[in-house]
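Input: a single structure, listed below in structure tokens.
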Amino acid sequence: MTDLSMPLMRKGPPKLADAVDRINQNPAAHEMRDPFDIGDALTTLALTGEAVTVYPLGQDFAMARIDSVDPEGQVFTLELAESGTLPKGKTVFVAALGSNAKVQFELDAAPGAVPDRPDLVELPLPAACLVLNRRAEPRLESPLGMNYGARFSMLGKVFEMPLYDFSRGGVGLRATPEQALELYVGKKLDGVLLELGSSLIVSADLEVRLLRPFRTFLLGQQVQVGCRISNITMQMRQTLERAVDKVQKRR
């Protein structure tokens, strides 16, 4: 099990072999515009030191990584893997986001200098990001301001976790580090009640497939819990599919 009390291990400087291809008009990709989610995604990249592939317009790609994110100032700093400057103009940034997704955003701004840090440049946070989930079923972000969550019992304790995304085949939950200590990859969760809005409740058995610590601006340390639906009745599956279709039509 991942030791959630330890900080995330940051990767070393990115190499050309770490380059990630651009998301080119992929119908499975979706746009992320919530500033909280965008800042959270870039903060995760900074904490892990994930390689960022930089595609300046009309030039060969370069490798970099995000050094820090300032959500209040709406900027982030970028560390280029090789000495040089980032040119002004349209630039595309692509990075792997965990093992199941990649994120891409475009900026058209002049990079700013960082005092006493010639190896860094400062850029504004993007207004939108393109996210490609590499899953059998595309997952949908839970609508803001609505009741989406999971409730289940384990070892005599009741767990309640917000549901941040879902699909016909699985769900993503957000747990506290204390809640996640009770979980591990492969753990079966029986009879989970999934609340999908104000009037839809689906009962299903889940299997934990992913545990990933991350940090949010408001809640601090959290854990992403990716789950696969391992057992569900036909009636409940039809209810889940209606919920998926309903959210897809709103996009």
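The values are calculated or read from the model by the stated rules, or taken from the named source; none is laboratory data. Everything numeric here is computed off the predicted structure, so don't read it as measured data. Side chains are part of the model used for accessible areas, which takes the heavy atoms of the whole protein and leaves out ligands, DNA and RNA. Shrake-Rupley method; radii C 1.70, N 1.55, O 1.52, S 1.80 Å.
Details
- Relative contact order [Cα under 8 Å, 6+ residues apart], the chain, whole percent: 14 percent
- Percent of alpha-carbon pairs separated by more than 26 Å within the range 37-165: 32 percent
- What the Kirkwood sum gives for the chain is a hydrodynamic radius of 19.5 Å, with every pair of different alpha carbons counted.
- In the chain, helical runs assigned H by DSSP with n ≥ 4 each contribute -39500 (n - 2.57); averaged across all residues and rounded to the nearest 500, the mean residue ellipticity at 222 nm is -4500 deg cm²/dmol.
- Given 188/246; 15/249; 102/246, the pairs whose alpha carbons are separated by over 30 Å: 15/249
- Sequence of 161, 236 when ordered by accessible area, the most exposed leading, probe 1.4 angstrom: 236, 161
- Hull volume per residue, based on the alpha-carbon atoms of the range 40-82 and their convex hull, is 72 Å³.
- Probe 1.4 Å, accessible area per residue of the chain, Å²: 54 Å²
- For the chain, the share of accessible area belonging to carbon and sulfur comes to 51 percent (1.4 Å probe, ligands and nucleic acids excluded).
- For the chain, the longest principal axis of the alpha carbon atoms and the long axis of helix 35-48 meet at an angle near 70°.
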